[in-house]
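Novice: Questions regarding the structure given below will be posed in turn.
The values are calculated or read from the model by the stated rules, or taken from the named source; none is laboratory data. Because the structure is a prediction, the values reported are computed rather than measured. All Cβ positions, even for glycine, are placed from backbone atoms using ideal geometry, and neighbour counts span all protein chains on display.
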Amino acid sequence: MSKHIQVEHPNGYYGELYGKSSLSIFKGTKEVFHTGFRSIETAEELYQVLEEYPQFEEMLIRAYEQREDENGRKKNDSEDNNVV
């Protein structure tokens, strides 16, 4: 039998554990993260992930903004046709 655990955090994120290994994190109605390879199993562990998710998201944004092209030059969004 598969689990379905939902947890809401005061920071505006909520998450769901479902199936054998799926995890989704939402902000409002938008899914911002999904994996089918989770290692957490409890509501308490999910709450901790949600607690730390804003810092993780900020780290991803900083890494994207500081990316370099294959020649070591800083890229900007006007050079990147994949930016939405």
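Novice: Could you please find all residues in segment 13-38 being of a type in the set (Phe, Trp, Tyr) and touching a Phe, Trp or Tyr at 6+ places or on another chain (Cβ under 7 Å)?
Specialist: Filtering segment 13-38 for residues of a type in the set (Phe, Trp, Tyr) gives 13-14, 18, 26, 33, 37.
Listed by number, the residues that qualify are Tyr13, Tyr14, Phe26.
Novice: Still on this structure, please answer the following. In segment 63-84, which residue that is loosely packed, with under 10 Cβ neighbours inside 10 Å and assigned to a helix (DSSP H, G or I) is modelled with the highest pLDDT?
Specialist: Result: Ala63.
Novice: If Thr42 satisfies every condition in (1) at pLDDT 95 or above; (2) within 14 Å of the chain's Cα centre (by Cα) but one, which is the exception?
Specialist: Condition (2) is where Thr42 drops out.
Novice: Out of curiosity, is His9 closer than 18 Å to Gln55 by Cα, without any contact (Cβ under 8 Å) to a residue 60 or more places away in the chain and not β-branched (Val, Ile, Thr)?
Specialist: yes
Novice: Another question, if that's okay. Restricting to segment 1-30, give me the number of residues that are exposed (fewer than 12 other Cβ atoms within 10 Å of the Cβ) and closer than 14 Å to Glu57 by Cβ.
Specialist: Qualifying residue count for the region: 2.
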